[in-house]
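Only one structure is covered here, and it is reproduced in the block below.
The values are calculated or read from the model by the stated rules, or taken from the named source; none is laboratory data. Not measured: the values here are computed from a predicted model. As a convention, Cβ positions derive from the backbone with ideal geometry for all residues, glycine included, and neighbour counts pool all protein chains shown. Calculation scope for accessible area: heavy atoms of the full protein, side chains included, ligands and nucleic acids excluded. Shrake-Rupley method; radii C 1.70, N 1.55, O 1.52, S 1.80 Å.
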Protein chains: 2
Amino acid sequence: MMTRTVYADHAATTPVSEAALEAMTAFMKEHHGNPSGLHSSAQAAKKALEDARERIASAIGARKNEIHFTSNGSEADNWAVKGAAEIMKDKGRHVITSSVEHPAIIASCEHLREQGYEISYLPVDDNGEASVESLKEEMREDTVLVSVMMANNEIGTIQPIEDMAQLCKDNEVLFHTDAVQTVGHLPVDVNELQVDMLTMAGHKFGGPKGAAALYVRQGIKLPPLIHGGGQERGRRGGTENVAAILGMVVALEESIRGMSEADKRLRAMRDRLIEGVLSIEGAHLTGHPERRLPGSASFAFDGIEGESAALMLDYRGIQASTGSACSTGSLEASHVLTATGIPETLAHGSVRFSLGDGNNEEDIDHILEHMPVVVERLRSLSPLCNCGKKED
Amino acid sequence: MMTRTVYADHAATTPVSEAALEAMTAFMKEHHGNPSGLHSSAQAAKKALEDARERIASAIGARKNEIHFTSNGSEADNWAVKGAAEIMKDKGRHVITSSVEHPAIIASCEHLREQGYEISYLPVDDNGEASVESLKEEMREDTVLVSVMMANNEIGTIQPIEDMAQLCKDNEVLFHTDAVQTVGHLPVDVNELQVDMLTMAGHKFGGPKGAAALYVRQGIKLPPLIHGGGQERGRRGGTENVAAILGMVVALEESIRGMSEADKRLRAMRDRLIEGVLSIEGAHLTGHPERRLPGSASFAFDGIEGESAALMLDYRGIQASTGSACSTGSLEASHVLTATGIPETLAHGSVRFSLGDGNNEEDIDHILEHMPVVVERLRSLSPLCNCGKKED
């Protein structure tokens, strides 16, 4: 059955690019100093680390000392939310986020709630977009932090971050954005965006797992999430993973160089995929029809389980994901999809394709050949279901 | 001048072993799934991750579900200390640690102090050893956690962990040990030790940076330090760095297979190094003369600055470290050395050699040839100093 393998789950994690892998392994073979040391091996590692920091900063329009390396996006998200709440606690304890954030943000906010903070979740419209107006409405005297993602991982919707950041700036409220899905895929400049903090993660743009970064605008003295030695200017304990950080930098620079071409290529494939899939009866696009990530094509299907669809697609060589993840045995519908107003039963039938560098038009052909078959097969397996069959 | 390079800073970080690097790169080339996904690439990553967990558990006598992967030792230390304090806060808010701990433990404890906890630091004797008697004295009704490292990174002293853990068990107090310097170097069995939590870090035994683990005894429900998705059974958000974790496992198994031979070899080299260095006038061994790590030879010299010594040794191809790190421009003496009762001026003259797999007897010859010259040169550069020159 498996004649072709189509990896269409780049929003979960990307393959490590050859150049990034080469940079990492070369570094690990030649260097092994701890960047906190004094001798020449240590100083070589330190130099590589600081050079990487400079390059990451330059890639997003930041200053070198505004880049703080972490191990993954979740750590950076936790640090930003908990750290900002901590430094602002005397001014107020109200935090605003959106209802479609990544679990790292939502769980950090809920942790703050247990500490006595109040959390407001911005609603989103049918397209998954939160509005500046709703942010304005939620803003209070004691609001100290707003965290809204730049683009959504499940449905690809891009949020109006610039306007939100501007509103926060006008109100002297800190603004953080989880830009894990956008850095390396869309132009990101922290000064144009006017954000105070921004999260990126290497393994979402061809870098390795194990390297991520939190941009923190100069002047914001974020307390450590991980206490320890003097690393990251005393703000984050733990020996820096220099090799992985180098891999991240190489991958980011590669992505930025190829961004405009990749954008065109991915959008064309994505739009053909969306058009093709929507010709299946009972198929619905989730997320914004235009303001969405170039590689993201996400759907909900009447009358099927997303998990079964993902497994059946996998059997046919297509690696996609579903927002309806089976956690601890019970099927829970994605909070992102239900926030867009989709009924829970439909939310259970979600399938996400996230395209990337490795994909080509034949991959789209392959998906478009198999997706209708999978949907039909699954509906026929479920005798009670007549969703999507208008004639029955 | 540099005829030979001797890396003698293994306690800071070890070179990545060939087998570990091979395992990592092979995995990154072939696999790129996110272990939280459903499809076959994701499930392959998940399988590799769970297999690694099983092997790490078996290496330290633990159960599979007691192993929690983190990105580095500092993260694991922070998690253990802050998490345990959190779950025990209704019983009491007194934490005991030693005065020679790693900064990740000390800074975590000081963070707890800011939250209203009381922290007691166990004193150490001249050899850097904390006693069970002093722990008994500090133990109170409201003591909830004790964290004492298994072996010290700067002076190599091994602490009486089994007896301390037994005392804690008898008093229903949680016991954590930072075993970053011992795992892979000395036998470690969590059940023999009777510890509740234990930290290990891959890059201290030939694994890559970016992979570490916290053992948490079954039944202890540690709350997350990094909130997020369902990773690590809901206890630690963030995509697992499977490749680095594989590298850590391979390196640990390699270290354990070669442990008895390495132990013999390192001890012999270490003892010859100690004997040779102590023949220099005004040289003192720091740490315990016998109960110390097999590769650790640490000294303090009258009348020299450790930092200058490390730099001059580096110029002669010898990569060692000093406890007297120049941080933010001002020289601060190591808290470990001053805790052993060494006068601050002498503590400034500390040099640590930490030997590992790559070292041989010629390396010891090289150090023993250059160390006396470096000491003499530095003393002659400092006209006011007459320490160590008994005849002057």
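Report the label-to-label distance for residue B:3 and residue A:365 in nanometres (one decimal), using points 7 Å from each Cα along the Cα→Cβ vector.
Calculated label separation equals 6.8 nm.
Quick one: which residues, 5+ away or cross-chain, put their amide H under 5 Å from the amide H of residue A:70? H built at 1.01 Å from N.
A:212, A:213, A:214
Find the sum over both chains of the accessible area lost when B and A are paired, probe 1.4 Å, and report it in Å² to the nearest 100. Provide the component values of the computation, followed by the final result.
Working: alone 16990 and 17000 Å², together 29880 Å².
Buried area between the two chains comes out at roughly 4100 Å².
Got a sec? What order do A:71, A:40 fall in by accessible area at 1.4 Å, biggest, i.e. largest, first?
Numbers: A:71 10, A:40 55 Å².
Heavy-atom accessible area, descending, gives A:40, A:71.
Determine the residues within segment A:54-102 where the difference in accessible area between the chain on its own and the full set of protein chains amounts to at least 50 Å²; count protein heavy atoms only and use a 1.4 Å probe.
Going by heavy-atom accessible area, the residues of segment A:54-102 that drop by at least 50 Å² are A:72.
Please find the FRET efficiency linking residue A:133 to residue B:279, where r is the Cβ-Cβ separation and R0 is fixed at 56 Å, and quote it to the nearest 0.05.
Numbers: r = 79 Å, r/R0 = 1.41.
Rounded to the nearest 0.05, the efficiency is 0.10.
Quick one: accessible surface of residue A:121, probe radius 1.4 Å, all protein chains present, in square angstrom to the nearest 10.
Residue A:121 has an accessible surface of roughly 70 Å² with all protein chains in place.
So for the protein assembly as shown, Kirkwood radius off the Cα pairs, Stokes-Einstein at 4 °C and 1.567 mPa s: how many µm² s⁻¹? Display every interim value, and only then the final one.
Details: Rh = 27.5 Å.
Estimated diffusion coefficient is 47 µm²/s.
Past 21 Å, Cα to Cα: identify those pairs from A:46/B:82; A:82/B:204; A:29/A:209; A:47/B:209; B:204/B:264; A:47/A:204, in the order given.
Numbers: A:46/B:82 29 Å; A:82/B:204 30 Å; A:29/A:209 19 Å; A:47/B:209 17 Å; B:204/B:264 19 Å; A:47/A:204 25 Å.
Beyond 21 Å between Cα atoms: A:46/B:82; A:82/B:204; A:47/A:204.
Relative to the longest principal Cα axis of chain A, at what angle does helix A:306-315 sit, 0 to 90 degrees, rounded to 10?
It is inclined by approximately 90 degrees.
Carbon and sulfur: what percent of chain A's accessible surface (1.4 Å probe)?
Roughly 49 percent of what the probe reaches on chain A is carbon or sulfur.
Over the heavy atoms of residue A:39, what accessible area does a 1.4 Å probe trace out, to the nearest 10 Å²?
Here the residue's solvent-accessible area equals roughly 0 Å².
Where Rh is the Kirkwood radius over the Cα pairs of segment B:18-256, the temperature 10 °C and the viscosity 1.306 mPa s, what D in µm²/s does Stokes-Einstein return? Kindly include the intermediate steps, with their values, before the conclusion.
Values: Rh = 18.1 Å.
It diffuses with D of about 88 µm²/s by this estimate.
HN-Hα J couplings of segment B:362-374 from phi, Karplus 6.51/-1.76/1.60, θ = phi - 60°, integer Hz, Gly and Pro as x?
In residue order, the calculated couplings are 5, 4, 5, 3, 4, 4, 5, 6, 8, 4, x, 5, 4 Hz.
Averaged across the residues of B:21-32, what count of C-beta atoms belonging to other chains lies within 10 Å of each residue's C-beta?
4
What order do B:94, A:31 take when sorted by accessible area (1.4 Å probe), most exposed first? Could the numbers behind the result be given before it?
On the way: B:94 0, A:31 60 Å².
Descending order: A:31, B:94.
Is there a simple number for the mean count of other chain Cβ atoms within 10 Å of the Cβ of residues in A:108-116, and what is it?
Working: counts 5, 1, 1, 3, 1, 0, 1, 0, 0.
Mean partner-chain Cβ count within 10 Å for A:108-116: 1.
Measuring label to label, 7 Å along Cα→Cβ, what does residue A:259 give against each other copy in nm, shortest first?
Those separations, rounded to one decimal, come out as 5.0 nm.
Where does chain A land at 222 nm, in deg cm²/dmol rounded to the nearest 500, when only DSSP H runs of n ≥ 4 count, each adding -39500 (n - 2.57), divided by all residues? It would help to have the intermediate numbers written out before the result.
Numbers: 14 runs with 161 residues, N = 392.
Taking each H run of at least 4 residues, the total per residue is -12500 deg cm²/dmol.
Can you work out ³J(HN,Hα) from phi for every residue in segment B:4-14, in order, using Karplus 6.51 cos²θ - 1.76 cosθ + 1.60 and θ = phi - 60°, giving whole Hz and x for Gly and Pro?
8, 10, 10, 7, 10, 9, 5, 6, 6, 5, 9
So what's the angle, to the nearest 10 degrees on a 0 to 90 scale, between helix B:242-257 and the longest Cα principal axis of chain B?
Approximately 60 degrees, to the nearest ten.
Which FRET efficiency, nearest 0.05, do residue A:373 and residue A:345 yield, Cβ-Cβ r, R0 22 Å? List each step's numbers first, then the result.
Working: r = 22 Å, r/R0 = 1.01.
FRET efficiency, residue A:373 to residue A:345: 0.50.
Just by accessible area at a 1.4 angstrom probe, what is the order of B:285, A:381 from largest to smallest?
On the way: B:285 50, A:381 115 Å².
Putting B:285, A:381 in descending order of accessible area: A:381, B:285.
Suppose you put the label 7 Å out from Cα in the Cβ direction; list, shortest first and in nm with one decimal, how far residue B:219 is from each other copy's label.
5.4
Under the convention of a label 7 Å out along Cα→Cβ, give the distances in nm from residue A:289 to the same position in every other copy, shortest first.
Here residue A:289 shows inter-copy label distances of 8.5 nm.
For segment A:82-96, in order, what is each residue's ³J(HN,Hα) by Karplus, 6.51 cos²θ - 1.76 cosθ + 1.60 with θ = phi - 60°, in whole Hz (x at glycine and Pro)?
Once θ is set to phi - 60°, the couplings for segment A:82-96 become 5, x, 5, 4, 4, 6, 9, 4, 7, 7, x, 10, 10, 10, 10 Hz.
Solvent-accessible area of residue A:272, probe 1.4 Å, all protein chains present, reported in Å² to the nearest ten, please.
Surface open to solvent at residue A:272 totals about 80 Å².
Count, for each residue of A:220-233, the Cβ atoms from other chains sitting within 10 Å of its Cβ, then give me the mean as a whole number. Write out the running numbers ahead of the final one.
Values: counts 0, 0, 0, 2, 5, 5, 15, 15, 13, 8, 4, 3, 0, 1.
Averaged over the peptide's residues, the number is 5.
How long is the gain from residue B:125 to residue B:335 if the chain were fully straight, where each residue apart is worth 0.36 nm and the alpha carbon distance is subtracted? Walk me through the numbers before you get to the answer.
Working: separation 210, 0.36 × 210 = 75.60 nm, distance 1.36 nm.
Extra length available between residue B:125 and residue B:335 comes to 74.2 nm.
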